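Let me begin by presenting the structure, written as structure tokens, before commenting on it.
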Amino acid sequence: MKASNTQLALAVAAALASTSVLADNDTQKLQEELDALQKEVSALKKTSGFNLEFGGRVQLDYNYFDGAYNADNEGSGGSNFFPRRIRTYVESEHGNWDHKLLLEFAEGTAEIVMARVRYAFDNGLKVKAGKIREDISLNALTSSKHINTIERSSLANTFSPFFRWGASAYQYFKDSGFRYAIGVYKNDAFGATGSDENDKLTLAITGRATWSSTSPGDVIHLGVWHSYRDMGGNELGARFARGEVRETNTRLVDYAAGGVTSPLDSLSQTGLEFAYQADSLTLEAEYASRSLDAANSADFLDGERFDGFHVSASYFLGGEQRQYKASSALFVQPKNIKDAWELVARVSEVDATSSLQGTKATTYTLGTSYYVSSDIKFMGNLIYSDVEGAGTTALVGDEDSGMGFSARMQYLF
């Protein structure tokens, strides 16, 4: 949506804020401020040096879950209906510079998801800084509005820190199909606070390299990434992954279940990516491993490795095809899609077990999506998970498996 729809984007933001956050007088004051902002935006739109774009997404979800997912309630059925994401963004371009601000709204809160400033060199090198997404995992890098399952794989949710403050550089070479990205970020993920006991900034260094071969109806993608993260003596967060159902009271992958958490000096993560596309069929597979460097070398978790994988297949019944964006090394939904059905199947696993504690969850997902248009999509997923490991009883008792169902309505504006 281009800047001509500025009023709509601002009106949506105002409505979201006023329904659950602001008192009547605050709402009136906000409306006056939005009116003034609209005048400023209108003036900017007339300035040829700026190219403004506004848009966003609304994702409304329903979850049902039982067994291990609801172990705290003896495995009985639980359910919820909730706004999964309500986001709005503004982008602008000015010569070789561009910026994007992405905000997420929830009841009583607002969060900066992304705040990026980017410069593009004439040779294709791009440098960006701000709150940006780390280049980790093909599935994690795929935007939530383009993923073909309601929740990402357990691997993506375990290994990706998603958006962090930092700076990165990347470049795509069209002739060879090679792309690289490298960045430095503040490490306040996975239990780290972003500083050590001396209040010294702790950093993460992440790199990703991919190669792709593309032709009409045919894509091959290979990728590898690595991340070294200074944990500054902070304890590694215990709960790795939910098991691909959002609103449950138990996260099924927990490395400390039945034991203790571990303070770390650092951790290292490495992942491999593969994707193949032939017309309407898209296959994806990933493997990732995490290695712990404990603050105390006598800690029995020092040197422990946790790993995970996922394999998925999607197929469009009407012959549509997901778009592969080689410059970003990821997939997006088909362009101008309308009245189309997509089927998807996935198996994923994250193993966070050690000899004395932790759990492993294997999750199976079957799903379908109906695209009314490029902007409106309905999704349904059936999910089943098995839980194993030394910490299973401590985490879920006798409920070592669980069933879930998720549904979503997505609207892009």
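Per-residue 3J(HN,Hα) values for segment 317-323, derived from phi via the Karplus relation 6.51 cos²θ - 1.76 cosθ + 1.60 with θ = phi - 60°, read 5, x, x, 5, 9, 4, 7 Hz in sequence order (x marks Gly and Pro).
Do you know the relative contact order of the chain, to the nearest whole percent, from alpha carbon pairs under 8 angstrom that are 6+ apart?
For the chain, the relative contact order is 15 percent.
Residues L138, L267, L125, L102 in ascending order of nearby Cβ atoms (within 10 Å, fewest first): L125, L102, L267, L138.
Excluding I376 itself, calculate the net charge of residues whose Cβ lies under 13 Å from the Cβ of I376, where each Lys or Arg counts +1 and each Asp or Glu counts -1.
Numbers: positive: R57, K145, K338, K377, R408; negative: D339, D375.
Net local charge, I376 excluded: +3.
Counting neighbouring beta carbons within 10 Å and listing from fewest to most, the residues M409, M379 come out as M409, M379.
Nothing charged except the Cβ atoms of Lys and Arg (+1) and of Asp and Glu (-1): what's the magnitude of the dipole of the chain about its Cα centre? Round to the nearest 20 debye.
Magnitude of the dipole: close to 1740 debye.
Exceeding 21 Å between C-alpha atoms, which entries from my cross-link table qualify? They are K338/K377; K100/K325; K131/K174; K100/K377; K100/K126.
Values: K338/K377 10 Å; K100/K325 19 Å; K131/K174 27 Å; K100/K377 24 Å; K100/K126 14 Å.
Beyond 21 Å between Cα atoms: K131/K174; K100/K377.
Exposure proxy for K200, K186: other Cβ atoms within 10 Å of each Cβ, ordered fewest to most, give K200, K186.
Residues of segment 102-116 with the amide nitrogen closer than 11 Å to a label point 7 Å from the Cα of F82, along Cα-to-Cβ, please. Answer for segment 102-116: 107. When you filter the trypsin sites (Lys or Arg not before Pro) in segment 134-179 for DSSP loop state and at most 14 other Cβ atoms inside 10 Å of their Cβ, you are left with K174. Over the residues of the chain, the helix contribution to mean residue ellipticity at 222 nm works out to -3500 deg cm²/dmol, using -39500 (n - 2.57) for each DSSP H run of at least 4. Ordered from longest to shortest, the equivalent ellipsoid semi-axes for the chain are 34, 26, 25 Å, each the square root of 5 times a Cα gyration tensor eigenvalue.
Placing unit charges on each Cβ (+1 for Lys and Arg, -1 for Asp and Glu) gives segment 210-267 a dipole about its Cα centre, and among G237, W225, T248 the Cα reaching farthest toward its positive end belongs to T248. Relative to the Cα centre, the charge distribution of segment 49-127, modelled as +1 at Lys and Arg Cβ and -1 at Asp and Glu Cβ, gives a dipole magnitude of about 320 debye. Longest stretch of the chain clear of exposed loop sites (GluC sites (Glu not before Pro), DSSP loop, at most 13 other Cβ atoms within 10 Å, sites excluded): 198-413.
Using the Cα centre of segment 219-328 as the reference point, and only Cβ charges (+1 on K/R, -1 on D/E), how large is the resulting charge dipole? Debye, rounded to the nearest 20. Before the final figure, lay out the partial values.
Values: 9 positive and 16 negative charges, 60 e Å.
Dipole size: approximately 280 debye.
For the chain, the longest principal axis of the alpha carbon atoms and the long axis of helix 24-45 meet at an angle near 60°. Between S176 and E74, the FRET efficiency estimated from the beta carbon spacing at R0 = 60 angstrom works out to 0.60. Across the options F65, S213, A294, the greatest Cα extent toward the positive end of the charge dipole of the chain (unit charges at beta carbon of Lys, Arg, Asp, Glu) belongs to S213. Nearest 10 degrees, 0 to 90: what angle lies between the long axis of helix 6-20 and the longest principal axis of the chain (Cα atoms)? Here the helix axis deviates by roughly 50 degrees.
None of the figures in this text is laboratory data; all of them are computed from the coordinates on show. Fair warning: this is a prediction, and the values are worked out from it, not measured in the lab. In this analysis, Cβ positions are derived from the backbone assuming ideal geometry, glycine residues included, and neighbour counts consider all displayed protein chains.
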